[in-house]
Number of protein chains: 4
Amino acid sequence: MDKVKEQILKRLSIVEGHLKKIRKMVENEEYCPDVIHQSQAVQAALRKIDEIVLHGHLHSCVLHDIHETKSQKEKLVEEIVDLFRKSER
Amino acid sequence: MDKVKEQILKRLSIVEGHLKKIRKMVENEEYCPDVIHQSQAVQAALRKIDEIVLHGHLHSCVLHDIHETKSQKEKLVEEIVDLFRKSER
Amino acid sequence: MDKVKEQILKRLSIVEGHLKKIRKMVENEEYCPDVIHQSQAVQAALRKIDEIVLHGHLHSCVLHDIHETKSQKEKLVEEIVDLFRKSER
Amino acid sequence: MDKVKEQILKRLSIVEGHLKKIRKMVENEEYCPDVIHQSQAVQAALRKIDEIVLHGHLHSCVLHDIHETKSQKEKLVEEIVDLFRKSER
């Protein structure tokens with residue numbers, strides 16, 4: 001788990017670096033489509049982080065059966081569908 | 001479950017109807033942005049269907065514990081993360 | 001232009017075929033993640049159609065300067081940003 | 001234009017703040033779905049920035065007719081379609 005955490009924090013550092021670059025591009029009034037491409041790359045990097053976080057979450061939830069009661073299981077299902085729904089926008 | 005199936009089939013009929021409308025719009029050379037809006041509405045309707053299908057799937061998998069072995073559970077986790085990844089594009 | 005129209009109608013036929021397949025999969029109660037994958041493929045095919053329609057639209061609008069007045073040009077800009085916004089969901 | 005630039009930089013500051021919050025959430029091992037929700041909010045904020053940047057770009061390109069030759073106009077069209085395509089993922 002600590003290894004996954006480390007990996008996520010490393011990816012977050014990269015995202016932070018790219019975001020600083022976007023700020024500089026906007027300040028320097030660089031070519032607009034280039035700014036948007038850079039922003040789209042950051043969004044893709046965040047989605048990749050989401051995937052890693054989701055994977056870790058499901059891995060512990062499903063494999064270790066931490067949802068024991070029916071209502072806990074229902075909560076897990078709603079949660080996954082909710083993340084799926086929001087990931088689509 | 002049959003009720004969910006019925007609901008999905010009904011939504012698919014609506015999508016089919018909208019798709020026919022898009023065909024007619026293209027044939028009649030209607031205003032392009034209107035065609036795209038119609039197509040985006042169809043995509044949103046399909047994503048809603050995906051949500052319903054996913055909900056039904058998880059409901060039976062997680063609540064009824066049909067994944068018993070470790071490798072079955074791992075397969076379920078990979079499957080959900082894969083759907084999540086693809087939903088983002 | 002007629003060639004583009006023909007290409008779009010051909011792609012719509014393929015989408016219609018895939019949609020029929022989804023219906024059959026739901027009726028036969030096929031494996032849920034497979035249904036969602038099929039639906040995601042249809043959505044990707046529709047987005048490709050959107051791109052082709054948008055390209056044709058912009059090509060005629062921008063290259064042939066059909067927006068002459070300032071308010072027509074402003075309308076074009078709003079329209080493109082609106083399509084961009086909706087494409088993101 | 002400076003006003004738009006200011007608005008974008010302000011929004012970028014908010015995004016940077018939210019990103020720091022995500023880092024803290026990961027470090028503190030907060031509940032995974034909450035981390036993903038926060039990340040999805042950052043992605044939505046970046047998409048809003050993209051829209052503002054695109055609007056500013058098109059406004060200057062289309063209204064001020066800075067694309068004069070046919071090949072410049074074609075480049076603009078390709079550029080918009082490319083941004084649209086990437087925005088969909």
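What follows draws every value from the coordinates through simple rules; no lab data is involved. A quick note: this is a predicted structure, and the numbers were derived from the prediction, not measured. So basically every Cβ, Gly included, is an ideal-geometry build from the backbone, and we count neighbours across all protein chains shown.
Looking across C:CYS61, C:CYS32, one residue alone is in contact with a Gly (Cβ under 9 Å, 6 or more places away or on another chain) and of a type outside the set (Lys, Arg). It is C:CYS32. Filtering the range A:68-89 to residues that are within 14 Å of chain C (Cβ to nearest Cβ) and more than 22 Å from D:ALA44 (Cα to Cα) leaves only A:VAL77. Within the option set D:LYS5, D:LYS21, being under 19 Å from the mean Cα position of the chain (by Cα) and either buried (at least 19 other Cβ atoms within 10 Å of the Cβ) or farther than 24 Å from C:CYS61 by Cβ (or both) holds for one residue only, D:LYS5.
Within the range D:37-89, if we keep just the residues that are among the basic types (Lys, Arg) and under 30 Å from A:LEU83 (Cα atoms), the residue that is surrounded by the most Cβ atoms within 10 Å (Cβ to Cβ) turns out to be D:ARG47.
Among the conditions (1) over 24 Å from D:GLN7 (Cα atoms); (2) more than 10 Å from chain D (Cβ to nearest Cβ), the only one that A:GLY17 does not satisfy is (1).
Let me confirm something: among C:GLU27, C:GLU51, which residue is within 8 Å of chain B (Cβ to nearest Cβ), free of Cβ contacts under 8 Å to residues at least 24 places away in the same chain and closer than 30 Å to B:GLU79 by Cα?
Numbers: C:GLU51 fails: within 8 Å of chain B (Cβ to nearest Cβ).
Checking each option against the conditions leaves just C:GLU27.
Of the residues making up the range C:21-68, those that are under 24 Å from B:GLU29 (Cα atoms) and β-branched (Val, Ile, Thr) are C:VAL42, C:ILE49, C:ILE52, C:VAL53, C:VAL62, C:ILE66.
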